[in-house]
1. Spot the failing condition for residue B:11; the list is (1) loosely packed, with under 15 Cβ neighbours inside 10 Å; (2) among the hydroxyl-bearing types (Ser, Thr, Tyr); (3) under 26 Å from residue B:147 (Cβ atoms), and only one is missed.
2. So which residues in the range B:84-95 are surrounded by 23 or more Cβ atoms within 10 Å (Cβ to Cβ) and more than 8 Å from every other protein chain (Cβ to nearest Cβ), if there are any at all?
3. Restricting to the range A:285-304, what's the tally of residues that are at the interface with chain B (Cβ under 8 Å from one of its Cβ atoms) and under 18 Å from the mean Cα position of the chain (by Cα)?
4. Being among the β-branched types (Val, Ile, Thr) and closer than 25 Å to residue C:132 by Cβ, is that true of even one residue in the range B:69-76?
5. Which one of these does residue B:65 not meet: (1) buried (at least 17 other Cβ atoms within 10 Å of the Cβ); (2) farther than 29 Å from residue A:304 by Cβ; (3) within 8 Å of another protein chain (Cβ to nearest Cβ); (4) of a type in the set (D, E, K, R)?
6. Just to verify a result, which residue in the range C:249-298, among those that are among the aromatic types (Phe, Trp, Tyr) and within 21 Å of residue C:83 (Cα to Cα), is surrounded by the fewest Cβ atoms within 10 Å (Cβ to Cβ)?
7. Do we have residue A:229 as touching a residue at least 24 places away in the same chain (Cβ under 8 Å) and surrounded by fewer than 20 Cβ atoms within 10 Å (Cβ to Cβ) here?
8. Hey, among C:145, C:149, which residue is more than 14 Å from chain A (Cβ to nearest Cβ), in contact with a Phe, Trp or Tyr (Cβ under 9 Å, 6 or more places away or on another chain) and crowded, with 20+ Cβ neighbours inside 10 Å?
Amino acid sequence: MAKPEHDDLSTLNAVVNRRDFLRVTGAVGVVAAAGGLEGILAAHRAPAYAQGTKLHMVRWVDFIPEADVELKRQMPEASKALGAEVTLETINANDLQPRITAAIQSGSGADIFMFQYNWAQLYANSVVDVSDVANEIAKAEGGFYDVYTPSAKVGARWLAVPHSIIGNAVAYRRSWLKEVGATEYPKTWDEARKVFSQLKKKGKPYGQTLGHTFGDAPTFAYPVLWNFGGAETDASGKKVVINSKGAVESVKFMQAFWKEACDEGGLAWDDTNNNRAFHAGEISASLNGASIYIVAKRQKDKIKDEKGEPMYQDIDHAGLLPAGPAGQFPLYLNHSHAVMKYSKNQKLAKDFLRWLHKKETFEKWFVVNEGYSVAATTVWEKHSMWDKIDKPLQVFRTAARKTRIFGHAGPSTAKATEAFSKYIIVDMYANAVSGKMSAEAAVKWAEGELKKIYG
Amino acid sequence: MIEQRWKKWVYFYIPLAVFIVGTLFPFYWMAITAFRPDEELYRSWRAVNNTPFWTLQPTLAHFQDLLAKTTFPRWLWNTFFIAVASTGISLFCGLLAGYALARLKFPMAGALGTGIFVTYLVPPTLLFIPLADIIRNFRLGNTPWALILTYPTFLVPFCTWLLMGYFKTIPRELEECARIDGATRFGAMLRIIFPIAVPGILSAGIFAFTLSWNEFIYALIFLSSPERKTVPVGVVSELIRGDIYFWGQLMAGALLGSVPVALVYSFFVEYYVTGLTGSVKG
Amino acid sequence: MANHVLEDAGSAAQLEVALPHPATSKPARFERFLENERFLAFILLAPAVILLSVFIAYPFVMGVWLSLSSTSVGIPGQFVGIRNFVKAWNDSIFQQTLRNTFVYTFWATLFKLTLGMWLALLLNRHFRGKRIVRASMLLPFIIPTVLSTFAWRWMFDPTFSVLNWVLYRGGFIMTKLPFLSDGAWALWCAIIVNTWRGMPFFAITLLAGLQTINPDLHEAASLDGAGAWHRFWHVTWPLLKPVTIVVVVFSIIQTFSDFQLIYVLTGGGPANSTHLLATYAYQLGVAAGLLGEGAAISLFMFPVLLVVVWIQLRYLRRLEGV
């Protein structure tokens, strides 16, 4: 799997000459880091571990192949620095959970797993307290984004070390929106409805999945609910409050929006469909990570618009879904690393995570990502990479600030995960827009299901 | 005469053609995707030059990428080795057990047969969790043996029962004749019954081999080194990156992963179909 | 792989044949043991029984325990009786899942059987290119399910479906058909994919069965003036019955507990209309970490399958009795 020559993406490097880029950012970075992580690392000089000690980390297959290449390149360095052999295994994101479950139940497996969303809560009993590592990083880098508190913290203890956040933004075709008089992305849902109704009439609908996928469907459905003032539970996390005026309004709105403005095939889409539909010019906008833009740019001689020009030049991003009456709150995919309780190398694992978050190490990985993954701490917003990258990617710079996690307004407990993995919020909308239920009935259905979970 | 030819078309050629097209179209679709250059993938549904059924610029790029950037040949070999070994074990167990259950009289025969069958009913979706425990205790994690020994749990019951079915269709007289001629019970089983059951053995073998070849969840859980992975797991974890599929390479992987098996099968299928016609019944 | 086993068995046979026959020497005593039906049965059954009890007995007991406990991932549970089962039974998603599973299994098995039988009868005749056709019919069965299902999903793609393209170009439809985006359609699509995948095995197994039928029987029936249908029903079918029943039962079990296909094709969506027991159990057990509830849902399959097996066993015994 380690194949340093993952070349089909080297075009990306050609776009921004990476070496120059690293030199500049590196210089700035070291200055900023003085006293920060450097200090931490100095305090924990790589202890020599017993000969033959091995550390195994499992992460998802990164959408940005260079990011995995970079991480894999770092492993021998880490091994050298720590005096133990560190191996990285990457698997499909969907397959992380079965691996983690089997590892926990049998008490053997990788020492470090990548966690998504609030898995630290779900696997709280099986992971080690990593507060020491997390606090050091937070202190050195200006603190983590707020979303990590409900995601990875139980009481005062950090159960996973926050690593990065994948911003989900709306990718849209600038010229198409202009055709119907929108010079920028609509700010509110009402405006969006007007714009995309017109576009759908021209055969250029809005593309959105409401299928059973871990990425694009929930990151759409939850924010819609929140933006209209709906929530799963109250702040105590015990009382189900989904059957509210806001939630019903949001479902009613979606029913209309779906019919007037969306590609109705979206009920069957998974996370990949909208990428392809967008690149083929079938849809005018879609909520997605930066992948639509990045791929269009990498394959610019293959992905063209109707005029035959490279499509990426016509793509722009809106960082957040339009605002509803209650505001504008995104749900982004956040990542962290957890050290497993059964691991025999817990100290080594923690040292490795410290090493991974060392300014120079992390920076190399961060820069390669070009905004697709942003860091977990606020200090990286100031990194000079943001000034170098393409304008459409710059929306991700501060995107993570307002992000929420499911379970809102209560704490994001294992029950919230249950509701999430049963796709109750997604299906509330899917049931309504498919015409299977009225808006009220769909909300009532969701209320019933949530009550069974929280009850 | 004309009427007969007409009948043959209606009752034979046309249905057969429909079957062939229906069965092979998805396969053709995979093949055309594997040879299709990427820019055609991103062509609009309504585009005038949209040619879903063929491609004007076939390319081998996806196959090259697959072979150069992943350890595909290695996965292929792993899968093959694991499938052959677990099929071998399962057929061995199934053959002996099937014969015993079909032919021999002993106490608890019925109960034991049912017992073997019932293990097949155990839903595998969550079985992998306790099974991971066993794998750990035997220290088999991340070795091919983890799969070679666990696949038979769903292969043995099937092989046993399918072979039992075939043994029952073989007339007892054949065996009795051999015994009168001085053969031992064991010898008669080996030299009279098993050869006759070859079609059954082959179809059980094909089934077992294919199930091992396709298995996903155990292979995902029990193997962790990239170079030890099997085709389905390797392909899925390398060629699906976040929300992007490497379609061409995925389909190239599917093709390269199935054509060799198809060739081997074509040999077996022909062997058992031609070699034994009419030799048993009657 | 079959050859491999046969070779093993073959060498054992030679060994045995080489033994001197007079009943005095030591090996002969062993041989006499083998003449004892009980002892032979014991020897023959041992490998299968040992393998299954090592690798399945514990997981199975564990699975049953999980279903009766409140275990969630990493948290050892307590015994809660049948509460998980009751909870599932009252769960609207579970009810839908159970319905889906029955519909899916019934139609997919029916299609596989009828089409598989038909195909076997066709392939049993002599025609040019027989060899290549027979082999190629197995292709759907060989391609790893995960990958072939990806191809199908693409063919059913809401935006790019090639089937829609054909119908549209042919002037049969004006708007795209909602293959996977409408709940009812999606379930039928899953049934079609399952049939496509499973039918070849039916065909090839039944073809093997057909080969054991003496053509003379057919000839005799033909001479008696029996029509094709009549011949099938009165000559072929009765002889094929035992094998058919085994194949059908195994197919029911496989289809009823199907996982990969749905997981890849729809993930249970849209709005749970294609969830099967296995995918839902997986979602609860693995994604939500509720191992107890997940195990309970997968064990709902068990009684249903037991009934199927019981019917089959009875039927097989009756056939033998005749």
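1. Result: residue B:11 fails condition (3) only.
2. B:86, B:90
3. Looking only at that region, the number is 4.
4. no
5. (2)
6. Within the range C:249-298, the match that is surrounded by the fewest Cβ atoms within 10 Å (Cβ to Cβ) is C:282.
7. yes
8. C:145
The values are calculated or read from the model by the stated rules, or taken from the named source; none is laboratory data. What you see is a predicted model, and the numbers here were worked out from it, not measured in a lab. Please note: Cβ atoms are built from the backbone with ideal geometry, for glycine as well, and neighbour counts cover all protein chains shown.
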